[in-house]
Amino acid sequence: MEINSVPFNQKEFLRGAIDLLSDKFGEEERFILNHKLDCTDLSLLPFFPTLNAEKENISIKKFMLYWFKEAEARGFVESSNNQHFLFTNKGLRKARHACNPVKFFFKAHWKFVVSAVLSFIVAIMAILRLIQC
């Protein structure tokens, strides 16, 4: 019997995991970073559409474990034991970026945005001054 493998989808994994934790515990980092994700819990499936489509397959838990192990290898989660995983700071940052890149950009680079807006206002005022002369 041939078993199809479900390839790891980084963006889907991060979005699903952060959505799950945000729904249960809110947006605060301390709650997200301290909560363990159980990779054998089938209630996680709705948050991972690719895996959810494969749920007819008898070895779905194996695929979920594979996704968590791959995320661990990439540094997004760390294993507290063979079945439970915690988000790392890098994983949380990537997950927030995957969910809403524009909001993440403004939060991460607010100093540049403020200076750009102020520069734009000064330039407009200088142009208006030149036009009036």
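The values are calculated or read from the model by the stated rules, or taken from the named source; none is laboratory data. Quantities reported herein were computed from a predicted structural model and do not represent experimental measurements. In this analysis, Cβ positions are derived from the backbone assuming ideal geometry, glycine residues included, and neighbour counts consider all displayed protein chains.
Structure data summary
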| item | result |
| --- | --- |
| Inter-residue pairs, beta-carbon under 8 Å, first outside the structural domain of residue 11 (by TED's automatic domain parsing) and in the stretch 101-112, second in a helix (DSSP H, G or I) and β-branched (Val, Ile, Thr), 6+ apart | 106/113 |
| Filter pass, residue 29 being touching a residue at least 40 places away in the same chain (Cβ under 8 Å), within 17 Å of residue 9 (Cα to Cα), assigned by TED's automatic domain parsing to the domain that holds residue 13 and of a type in the set (D, E, K, R) | no |
| Condition met for residue 47 (in contact with a Gly (Cβ under 7 Å, 6 or more places away or on another chain) and either modelled with pLDDT of 80 or more or surrounded by 15 or more Cβ atoms within 10 Å (Cβ to Cβ) (or both)) | yes |
| Any hit, the stretch 61-72, residues being under 15 Å from residue 9 (Cβ atoms), charged (D, E, K, R), modelled with pLDDT of 80 or more and touching a helix residue (DSSP H, G or I) at 6+ places or on another chain (Cβ under 9 Å) | yes |
| Helices (runs of 4 or more DSSP H) lying entirely in the stretch 32-133 (those with 3 or more residues that are under 13 Å from residue 18 (Cα atoms)) | 89-99 |
| Residue 22 at pLDDT below 85, surrounded by fewer than 18 Cβ atoms within 10 Å (Cβ to Cβ), hydroxyl-bearing (Ser, Thr, Tyr) and part of a loop (DSSP other than H, G, I, E, B) | no |
| Residues located in the stretch 102-129, provided they are surrounded by 10 or more Cβ atoms within 10 Å (Cβ to Cβ) and either touching a Cys at 6+ places or on another chain (Cβ under 6 Å) or under 17 Å from residue 11 (Cβ atoms) (or both) | 103, 104, 105 |
